[in-house]
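Working notes, structure below.
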Amino acid sequence: MFGMSFYGWILMPAVILLAFITLYPCFWMIVMSLLKVSTRPGMKNEFVGLANYAGLFKDSLFLQGWVIQGKYVGISLVVEFILGFAIALFLNNLKRSANVITTIVLVPMMIAPVAVGFLYLYLFNSSFGWYYWFLRSIGILRQGSILGDMNWAVAAIIIADVWEWTPFMALIFLAGLKKVPLDQLEASKCDGAPPIRRFFDVVLPNMVSVIVIGVLIRFMDIMRYIDTIFVMTTGGPAGATKTVSYYLFDVAFRFFDLGRGAAHGFVLLLVTIIIAQAFVNIMKKKGVQR
Amino acid sequence: MFRERMSRRNFLSTAGKAALSGGLLVAVGGIVSKPKVWAGGSNEATQAAKKAGGADLWRQYAGTKLIFMSENTPPSSAIKARAKEFFDLTGMEIDIRQDVLSTVQEKVGIDLKGGSDAYHLNYAQDKPMGTLFADYWADMSQFMNDPTLPQDPEGYDLDKWGYRWLDVCGKFYESSKIVALPYDNAVAVMFYRLDLFEKYTKEFEKQFGYPLVYTKDTTWKNMLDFMKFFNTGKYGVEYGYGFQGLEGWAGQLDFQRPLYAHGEWQEWDMPDQFLGTRNPGPSRWGDDQSVMTLGKMQQLYKLAHPESLSWDWSGVNNAFQTGKVAMCVNYGEFAASVEDPKQSVAAGGKVGYGMDPKGEPSWIINGKKAVNATNYGIGGIAINGNLSKDMQRAAWIFTVWATSKPLQMSVLKELGGTPTRMSVLTDPEVVKAMKRPTTMPNALTYPPILEAVKAPHVVPGPKIPKWNEYATIQCIEIGRCMQGRQGPEETAKILKKKLDTMHGV
Amino acid sequence: MARVRLEKVWKRYGSVEAVKDLSLECQDREFLCLLGPSGCGKSSTLRMIAGLEFISEGSIYIDDKVVNNVDPYKRDIAMVFESYALYPHKKVFENMAYPLRVQKLPEADIQKRVRRAAEILDIAGLLERWPRQLSGGQKQRVAIGRAIVRDPKVFLLDEPISHLDAKLRTHMRGELKRLHRDLDATMIYVTHDQLEAMTMADRIVVLNLGVLQQVGTPDEVFNHPRNKFVAGFLGDPPMNFIPSQLQKKGKGYKVVHEQFTLELPDSISRKLIARQSSDSVEVELGLRPESFDLSSKQPDGCDMQGKIYVTEPLGEDVIIDITLGNEKIKAKTVIGQAWQIDEPIYMRVKHDRIHLFDKTTGESLLM
Amino acid sequence: MAAKSRETKAPRKAAAGAQETIVHKRTPFMRILTVVLLAVWIVWTLAPLLITALSSFKTAREAFATPTYGDWKGVWNIFRFQPTLVNFRTLFLIEGFWPYIWHGFVASIGSALIAVVMGTLGAYGLSRGKFKREGDISFWIISTRMAPAVVVIVPLYYIFRRIGLLSTLPGLIVAYTTFNLSFSLWLIKGFFDDLPVEIEEAAFVDGDSHWAVFTKVAVPLAAPGIVAAFVLCVLMSWNDFLFAAVIGGHRAKTVPVGITELRTTVEVLWGPINSATIILIIPMIALGVLIRKYLIQGLTMGAVRE
């Protein structure tokens, strides 16, 4: 009767277009990952089975890429989480100017990652960058360089990410804080729990789902985007910021080893999905669906 | 670059105004129709063609539209601005698409490897492009003696160009095929603050026992002294020297200079370094000289500006312009921006240009020579081999036109581009401009360039199909070594292993 | 006006069976109440009649026409939703006019019908308001108004007044009943509130777990419940059930409990004999709180004796909780006597108000 | 949704007020701490933008004028300059940025329109219909958000070349749709899920067909969500770099691509880069503020509501 057919029909256009723009690339990726792509015209692509995948695990840049990616993702997420939570708590404290300040805080999220890269490339430049000047002036950075130093360069891309995305976390947490049930808070207050206890016993458990969603979305995006790194360091110095997603760009578009690139991309996608799924499972286990 | 920007403004202002006034219209046009090249009135070009005596040869593919995928370098911009002349001469439209090199690589790579012909002409930078794609480009030698096609009156022989530049960007792995003609060069020379050198020479002599001058015999060991001297910060700059260690092409070239300077060391043994080879076999990494040089480079890097590893040519140029470093090795075309008082504190005759530092004889243990290792990038124009024969011929007409002496001459005069034909480099007008005061600041670098790009100083770099991967691996490992993360011996060993694995040795 | 008939209707959601083999008929101009606890399938039944849910099996007829595959808007029905379902982006007038606009009636006609409906419902002053500016009762009237402007064949009402406060609910009960009379319409009304069903319905359909329990007039279902579920669901406080033994005694029967023995009157015994009950059966004795005569002193012919556990005065009446051995029962009486907690209390059962149910099946033994 | 939010608004407001005491009491110390920390955060947020914005009006030498280290008075160098439009002039007259802005504008709006129209249809279908493999469809749609762009670009390039979409605005629009469609579908679905079904059912019973219920009742009620999805699609497209660089290319270059090209082989045109950065980010900040209320719901694809 009503239903099925109508809803199916209106879902169709989206599904067809999505299939066209996602399934084919996916299929292509899987096929290519099993081939050794020819390097000269006239030569046939050669079927090599799983050799491309096996090759990945012998490629130290690939393996190192995961370590760097882990550092980048891990530290960024932790810092964004902590700062975001703090800011959310403080924003929550505001009464009158809350809206204006929240609006200011969210500004960085709107900015193109490429632009963020250029902002920080400019600020960290040792010849004329104001942040470089500031760090030198307060003495954190002695004679040295930010983007030319393997440790500082990682810090730099993390700082850029933190700058852009902490507001995202803060806003999500703020939304979460506003949904902590009043009665539970009051009950805990009546039970005489000190503020810290109240935070851990009432506030945090009520925010698990919000936290998981925030971290999950940041995780997914940080795994995909290479724009900021592309602009700021192009993976250097000495490969210090060559995350596994950035290295994929190298393999596919600089080495033009499309077979290897496809295998690389497939593994990256798989790992992202698995970790994301694990997050979702945690959320389900906690039984705190939105 | 001051001059360049000024003249680019002249060239492009017409287009800019059009875009401003009718920005909407132009842009809407972008959706529905293909953008038009500025085609119009001037008959000067037609006259020139007639004078050349073969107007019909030039016009045989009139009506064709050619697409040239190029890096956004000054010569490409200049040619773009002259598309109208080309149209008047040949009746063909030339659509020049400019992108940054990495994007050019991506697009050309996908295009060529997919057997497609979206881009008829490709920018053929010798190493990052040619090594990968040369097999996909058309052989130009078939057109060179073809009487049914226009030919350059000077011809295309090796000696018509800078030292073996035709080989460098036109021949890959075999000498029988020519896949590109050179139209743009970038040669690395030493930029140093002559004013500071003159001012503090006594001071320096007191400390180090010899005068502070830069000559073609200055060695990398002297560089250590210069850096120690300037790094004190007392002499007008913050650091003595800055490298260009940015991963990729810049870093590969930069590391290559000290490596080759000491005993002409190169990664692989090749029959002809200028042609390269498809699989060079086992690498030389790990031999005593390589470890020795790496060790010395570590010392150099310790004293160089700490940002060196993240700089490419423009990064180090910014540092030089802002007076952060007293010396840097950079490509000749940067002279314009260094000499521009609006951008640079070093402008106004304060800069000296010399050959790259020489190898230090005491650091050489393989018994070979110490040289002023000089490397470069030669940009060529190549024709997509996936094109039909007729389209290839049409593309050839553009190639001949774009690499001809008159065009190179005007590009040099107007944009400060860097010519590839010897006839331009030795033109009296250009020779005159090589001394101050000059209207072509880039020409100031030609004397050291012309001296350095010959044997034995010149080093063309390993031309291998896996050049990009090699450059990445090498930059990362040497970079780690320069940051003190791993010792020279260890680095050499890792490089040997990785590069040999890459080639399946 | 129209008749609605359901024939062996099933509704399944995956493996869950919401409505099982339901057959019933709603007469023309009847006020039929679907009554049951939440999850009993009453809403599903109503939504199947409306055409908002698929019918898994069986058929639904409106005026002898099978409507299983007819879209809701072609069934000529009007529905009032529990949440009122007013269109938040339309004013009250437009909300009420909506069904008419869909039918593309002339504007004058629409105006006339909406105004008339508004007058009937006493909301003429609210027509220019937005739904968010209305109170719950007003929204409810608008929702009803939207239903009546159409003059449909059948009105379907899904717990329309359950979100109102108690006082308003009582008021609306009366209003709805009057409306039914004035409109002379067929109405199917879903509720979980037995009081609503009792006061308003011509007939009540009691559902539990998707199964039809009993259909009948309010009097029938209240006084002659077919099973223990119906008996327990209707009445407030609910009927007391006391597990006991039904034994034959001479020609008649008696109910035996460790605390008391109740001799059954002939009228009941006859029914039991007709059922050919065996000599001794486990039964549930069902006694409504109203079916006791209470006394603090032992009267003649006292049936049972208990102890007062607590008293709940209700103004005019009082409910007394009584401990009867291990059982606790509630009795209701007129206020007036001082009942003391923990004092003994003596009860006489109104013999015509006795219910007996089979212990295992829950079926009434008196039907 | 409106009905629902009305019911929940009152208690939520109360909760918001009482949150003040979630962690600490409102002591003067806490108040000062709050003000100070938020002030620091605002400076940290705005400083890069301020420096860049001011630099875009400076000549190169003014922009490069950092003082000696530790010379704190030198901070005023940031504000000491003769405003000039030379960078903007270079950007528009020489580098020809107008078309880039226009391309970005057309491509983002075009793609956002497609994504929102198809997304609204699909979201309604997915939200209200019952499908056998609903979970799989949902997972598929959301998983497209996890695919690294680099992986998608190469095969898309080949398809686009074959059908002639490469390096055209329509091509760029379709390319953006790869990420916009799944995003908007998922986001708008969340808004439809929030609508009480009864309102639509009432419309059904009142005599509307499916299509009429969808257009006259469901879409107007989910309009805020649809608008938010549209704006966010515009934002993501406008900001995109990789697709624009490879699929868009020459004839459909957008501002982010244009910016990266200002880092030329021979010099980094910092002045024009700063101007272009400002041009790139200002409209998006404006859009972001505009849909501020739905921003979080949008960016979390509907999972978190404010």
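Filtering the range D:130-143 to residues that are facing chain A (nearest Cβ under 7 Å) and within 12 Å of A:Val15 (Cα to Cα) leaves only D:Ile141. Pairs linking a residue in the range B:193-216 that is farther than 14 Å from B:Gly354 by Cβ and assigned by TED's automatic domain parsing to the domain that holds B:Gly242 to a residue that is assigned to a helix (DSSP H, G or I) and of a type in the set (Lys, Arg), with Cβ atoms under 9 Å and 6 or more positions apart or on different chains, are B:Gln207/B:Lys228; B:Phe208/B:Lys228; B:Pro211/B:Lys202.
If you check D:Trp41, D:Trp102, D:Trp98, D:Trp140 for being of a type in the set (Phe, Trp, Tyr) and not assigned by TED's automatic domain parsing to the domain that holds D:Ala244, only one passes: D:Trp41.
Go through the range C:4-29 and give me each residue that's in contact (Cβ under 8 Å) with a residue 60 or more places away in the chain and crowded, with 20+ Cβ neighbours inside 10 Å. Within the range C:4-29, C:Val4, C:Lys11, C:Ala18, C:Val19, C:Leu22, C:Cys26 meet the criteria. Filtering A:Ile217, A:Ile213, A:Ile226 for residues that are within 14 Å of chain B (Cβ to nearest Cβ), modelled with pLDDT of 80 or more and either open to solvent by 30 Å² or more (accessible area, probe 1.4 Å) or under 13 Å from the mean Cα position of the chain (by Cα) (or both) leaves a single hit, A:Ile226. Scanning the range B:87-136 for residues that are assigned to a helix (DSSP H, G or I), charged (D, E, K, R) and over 17 Å from B:Ile378 (Cα atoms) returns B:Asp88, B:Glu106, B:Lys107, B:Asp111, B:Lys113, B:Asp135. Taking the criterion of being among the polar types (S, T, N, Q), more than 14 Å from chain D (Cβ to nearest Cβ) and farther than 15 Å from C:Lys153 by Cα, the residues of the range C:15-61 that qualify are C:Ser15, C:Ser23, C:Ser38, C:Thr45, C:Ser59.
Find the residue count for the range A:19-50, including only residues that are touching a strand residue (DSSP E or B) at 6+ places or on another chain (Cβ under 7 Å) and not in a loop (DSSP other than H, G, I, E, B). Residues flagged as touching a strand residue (DSSP E or B) at 6+ places or on another chain (Cβ under 7 Å) and not in a loop (DSSP other than H, G, I, E, B) within the range A:19-50 amount to 4. Just the residues that are modelled with pLDDT of 75 or more and either acidic (Asp, Glu) or surrounded by 16 or more Cβ atoms within 10 Å (Cβ to Cβ) (or both), please, taken from the range A:187-203. Listed by number, the residues that qualify are A:Arg198, A:Phe199, A:Asp201, A:Val202, A:Val203. Please name all residue pairs, on different chains or six or more residues apart, with Cβ atoms under 8 Å, provided the first residue is in the range B:420-448 and is closer than 24 Å to B:Glu154 by Cα and the second residue is open to solvent by 40 Å² or more (accessible area, probe 1.4 Å) and not in a helix (DSSP H, G or I). Short answer, once both residue conditions are applied: B:Arg421/B:Glu154; B:Ser423/B:Glu154; B:Ala433/B:Thr439. Being open to solvent by less than 10 Å² (accessible area, probe 1.4 Å) and β-branched (Val, Ile, Thr) is the filter; apply it to the range A:88-106 and report the residue that is farthest from the other protein chains (Cβ to nearest Cβ). Top of the filtered list is A:Thr102.
Does the range A:108-125 contain any residue that is more than 8 Å from chain D (Cβ to nearest Cβ) and in a loop (DSSP other than H, G, I, E, B)?
The answer is yes, given that some residue of the range A:108-125 is more than 8 Å from chain D (Cβ to nearest Cβ) and in a loop (DSSP other than H, G, I, E, B).
Of the numbered criteria (1) surrounded by fewer than 19 Cβ atoms within 10 Å (Cβ to Cβ); (2) among the hydrophobic types (A, V, I, L, M, F, W, C); (3) within 30 Å of C:Leu24 (Cα to Cα), the one C:Val256 fails is (3). Considering the range D:117-129 alone, what residues qualify as being surrounded by fewer than 22 Cβ atoms within 10 Å (Cβ to Cβ) and at the interface with chain A (Cβ under 7 Å from one of its Cβ atoms)? Residues satisfying the conditions are D:Leu121, D:Gly129.
Just so you know, in the range A:127-178 the residues that are among the polar types (S, T, N, Q) and part of a helix (DSSP H, G or I) include one that is modelled with the highest pLDDT, and it is A:Thr166.
Identify all residues within the range B:373-420 that are in a loop (DSSP other than H, G, I, E, B) and within 30 Å of B:Val189 (Cα to Cα); write none if there are none.
Passing the criteria: B:Ala373, B:Asn375, B:Thr403, B:Ser404, B:Gly416, B:Gly417, B:Thr418, B:Pro419, B:Thr420.
Of all residues in the range C:58-72, those satisfying the criterion of being at negative phi and open to solvent by 60 Å² or more (accessible area, probe 1.4 Å) are C:Lys65, C:Val66, C:Asn69.
With respect to the stated conditions, A:Thr233 is open to solvent by less than 10 Å² (accessible area, probe 1.4 Å) and either over 27 Å from A:Ala175 (Cα atoms) or within 14 Å of chain B (Cβ to nearest Cβ) (or both). Taking the criterion of being more than 8 Å from every other protein chain (Cβ to nearest Cβ), under 30 Å from B:Ser70 (Cα atoms) and of a type in the set (Phe, Trp, Tyr), the only residue of the range D:199-257 that qualifies is D:Phe243.
Within the set B:Ala455, B:Ala492, B:Ala443, the sole residue that is under 24 Å from the mean Cα position of the chain (by Cα) and buried (at least 16 other Cβ atoms within 10 Å of the Cβ) turns out to be B:Ala443. Out of D:Ala107, D:Ala147, one residue alone is at negative phi, more than 13 Å from chain A (Cβ to nearest Cβ), surrounded by 22 or more Cβ atoms within 10 Å (Cβ to Cβ) and within 24 Å of the chain's Cα centre (by Cα). It is D:Ala107. Among residues that are among the small types (Gly, Ala, Ser) and in a helix (DSSP H, G or I), A:Ala238 is not included. Can you tell me how many residues in the range C:268-323 are among the small types (Gly, Ala, Ser), farther than 20 Å from C:Ile242 by Cβ and open to solvent by less than 60 Å² (accessible area, probe 1.4 Å)? The total comes to 2. Residues that are in contact with an Asp or Glu (Cβ under 9 Å, 6 or more places away or on another chain) and outside any loop (DSSP other than H, G, I, E, B) do occur in the range A:54-61.
So that you can scan it fast, the table gives a plain yes or no per residue for (1) touching a residue at least 12 places away in the same chain (Cβ under 8 Å); (2) among the β-branched types (Val, Ile, Thr); (3) within 25 Å of C:Gly145 (Cα to Cα); (4) not in a loop (DSSP other than H, G, I, E, B):
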residue	(1), (2), (3), (4)
D:Gly164	no, no, no, no
D:Gly171	yes, no, no, yes
D:Leu185	yes, no, no, yes
D:Asp193	yes, no, no, yes
D:Glu200	yes, no, yes, yes
D:Ala228	yes, no, no, yes
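What do you reckon, is C:Asp63 farther than 29 Å from C:Phe229 by Cβ and modelled with pLDDT of 85 or more?
Spelling it out, C:Asp63 is indeed farther than 29 Å from C:Phe229 by Cβ and modelled with pLDDT of 85 or more.
Return yes or no: is A:Val116 closer than 27 Å to D:Met236 by Cβ and surrounded by fewer than 22 Cβ atoms within 10 Å (Cβ to Cβ)? So A:Val116 does not fit the description; no. Applying the criterion of at least 2 residues that are over 30 Å from B:Val351 (Cβ atoms) to the helices (runs of 4 or more DSSP H) found wholly in the range B:195-308 leaves B:288-303.
The values are calculated or read from the model by the stated rules, or taken from the named source; none is laboratory data. The model shown is predicted, which means the values in this text are computed figures rather than measured ones. Here the Cβ is made from the backbone with ideal geometry for all residues, glycine too, and neighbour counts use every protein chain on show. Ligands, DNA and RNA are stripped out before the accessible areas are found, and what is left, the full protein with its side chains, is counted by its heavy atoms. Shrake-Rupley method; radii C 1.70, N 1.55, O 1.52, S 1.80 Å.
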